[in-house]
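Read through the structure below, which is laid out as C-alpha cells, and then see the notes.
The values are calculated or read from the model by the stated rules, or taken from the named source; none is laboratory data. Keep in mind that this is a model prediction, so the values were computed, not measured. As a convention, Cβ positions derive from the backbone with ideal geometry for all residues, glycine included, and neighbour counts pool all protein chains shown.
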C-alpha cells in the first residue's frame, strides 16, 4: 500500500528535511506532497528545489515564498524588497551561484508549480493548498479554481474563522501553528494545545502543518493514510 505524506514550509532547512525522509522511511512506492515554502530564511532552499524537482514521487505546490521568488525573477520590482525582507536574500545568493542554465531550469520549475491539489486517501478527500481558501466565495472545487491566487497563497484570518461545510479537509501551511493562537478564534481546546506545542493542528475541516521550521521549532509531516504525525526539531 502506498503511503501518502504531506509537509510544508521547509524554508531551506535541508538537514531537517532529509532527517524527516529517514524518519518516515520514505520509499519509491510512497508519495510526498510539499505544500509550499521550500525556499527562504534557511540556507538550502535552492538545493531542495533541485532535489525535489528530480524526485518522481514528490510534488511541490506553490507557496507565497515561491511566488515572491518568481515575481522577483520576473522583474516585478515592487516585490524585490518584500522578498528580501522575508528571507529571500539567502535564496537569491544561492541561485546566483548556479550556472545560468540551471538557474533558468529552477525558475521554470517554480513557474509551473500548481496552486492546489485535490486528492483522495483511504476514501477521504483532502484539499492541499498553501494558505487556505476564501470560504465566502464557496468551497466547491470549481469555486476554488476561480479563487484569487493571492488568497490561496496568503490568506489567514478569513479562512481560519470561517464556518466550513465542505466534503473534504483542507491541509495547509503558511501560518506557523503557534501563531494560530493569535489568528484563529475557532480553535478547540485540543487544537490550542497542539498549536501551543508547534505541532500539527486539526480542527473543523482543517489541518495546519507548518510547525515553525523557519523559527527554530519543528518540521512536521503527516501521513494521511492513518493520520500519524512525525516531527524533526530544528
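Below are the figures for this structure:
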{"quantity": "Residue 191 vs. criteria at pLDDT 95 or above and farther than 27 Å from residue 46 by Cβ", "calculated": "yes"}
{"quantity": "Pairs with Cβ under 6 Å, 6+ apart, first in the stretch 1-28 and on the phi > 0 side of the Ramachandran plot and in a loop (DSSP other than H, G, I, E, B), second surrounded by fewer than 19 Cβ atoms within 10 Å (Cβ to Cβ) and modelled with pLDDT of 95 or more", "calculated": "12/43"}
{"quantity": "Counted residues, the stretch 56-72 - those being surrounded by fewer than 19 Cβ atoms within 10 Å (Cβ to Cβ) and touching a helix residue (DSSP H, G or I) at 6+ places or on another chain (Cβ under 7 Å)", "calculated": "3"}
{"quantity": "Filter pass, residue 132 being in contact (Cβ under 8 Å) with a residue 24 or more places away in the chain, under 30 Å from residue 93 (Cβ atoms) and surrounded by 15 or more Cβ atoms within 10 Å (Cβ to Cβ)", "calculated": "no"}
{"quantity": "Tally, over the stretch 54-79, of residues that are free of Cβ contacts under 8 Å to residues at least 40 places away in the same chain, over 18 Å from residue 42 (Cα atoms) and either outside any loop (DSSP other than H, G, I, E, B) or within 16 Å of the chain's Cα centre (by Cα) (or both)", "calculated": "7"}
{"quantity": "Criterion violated by residue 124 - all others in (1) closer than 18 Å to residue 209 by Cβ; (2) surrounded by 14 or more Cβ atoms within 10 Å (Cβ to Cβ); (3) over 18 Å from the mean Cα position of the chain (by Cα) satisfied", "calculated": "(2)"}
{"quantity": "Residue, nearest to residue 135 (Cα to Cα), within the stretch 161-201, restricted to residues that are touching a residue at least 40 places away in the same chain (Cβ under 8 Å), surrounded by fewer than 22 Cβ atoms within 10 Å (Cβ to Cβ) and in contact with a strand residue (DSSP E or B) (Cβ under 8 Å, 6 or more places away or on another chain)", "calculated": "164"}
{"quantity": "Considering residues of the stretch 204-227 that are within 11 Å of the chain's Cα centre (by Cα) and not in a strand (DSSP E or B) only, the residue surrounded by the fewest Cβ atoms within 10 Å (Cβ to Cβ)", "calculated": "209"}
{"quantity": "Subset of the stretch 29-52 [in contact with a strand residue (DSSP E or B) (Cβ under 7 Å, 6 or more places away or on another chain), within 22 Å of residue 225 (Cα to Cα) and assigned to a loop (DSSP other than H, G, I, E, B)]", "calculated": "30, 35"}
{"quantity": "Candidate set: the stretch 33-43, residues that are touching a residue at least 40 places away in the same chain (Cβ under 8 Å) and on the phi < 0 side of the Ramachandran plot; chosen: the one surrounded by the fewest Cβ atoms within 10 Å (Cβ to Cβ)", "calculated": "43"}
{"quantity": "Evaluation of residue 193 against (1) closer than 27 Å to residue 30 by Cβ; (2) more than 15 Å from the chain's Cα centre (by Cα) (one fails), failing number", "calculated": "(1)"}
